[in-house]
Amino acid sequence: MNKEEFMIEEISKEVVLLMMQEHKMSLEEALAALYNSDTYASLCQLENGLYAQSTPYIYEYLENELTKGKMC
């Protein structure tokens, strides 16, 4: 696993935990929300550098996507 992949995994873990806490989601629901999102697809595209942003920043993107149906 390279540095970028590690960062994506760590951010993903933290975002899932936040979803579970903030939205009272089960682990399965939070994982599905993240992994089926455009936010996660963007997070995995190394060339855009989203993986280098903070967890709260990425969580906010996911929140916007889930509530408004699009990334902001």
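The values are calculated or read from the model by the stated rules, or taken from the named source; none is laboratory data. Predicted, not measured: the structure shown is a model, and the values here were computed from it. A quick note on method: Cβ atoms are made from the backbone with ideal geometry, for glycine too, and the neighbour counts reach across all protein chains shown. For accessibility, only protein heavy atoms count, side chains too; no ligands or nucleic acids. Shrake-Rupley method; radii C 1.70, N 1.55, O 1.52, S 1.80 Å.
So here's what we get for this one:
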quantity	calculated
27 Å Cα-Cα reach of LYS68 towards lysines, excluding residues that sit fewer than 8 places from it in its own chain	LYS13, LYS24
About the Cα centre, charge dipole magnitude for the chain (Lys/Arg +1, Asp/Glu -1 at Cβ), debye	140
Heavy-atom surface of the chain, accessible at 1.4 Å and reported per residue (Å²)	63
For the chain, with +1 on Lys and Arg beta carbons and -1 on Asp and Glu, the positive-most of ASN64, SER26, ALA41 along the dipole	ASN64
Helical mean residue ellipticity (222 nm; -39500 (n - 2.57) per DSSP H run of 4+; nearest 500) of the chain	-22000 deg cm²/dmol
Principal axis dimensions, the chain - Cα atoms, whole angstrom, descending	32, 23, 19
Sulfur and carbon atoms: percent of accessible area, the chain [1.4 Å]	52
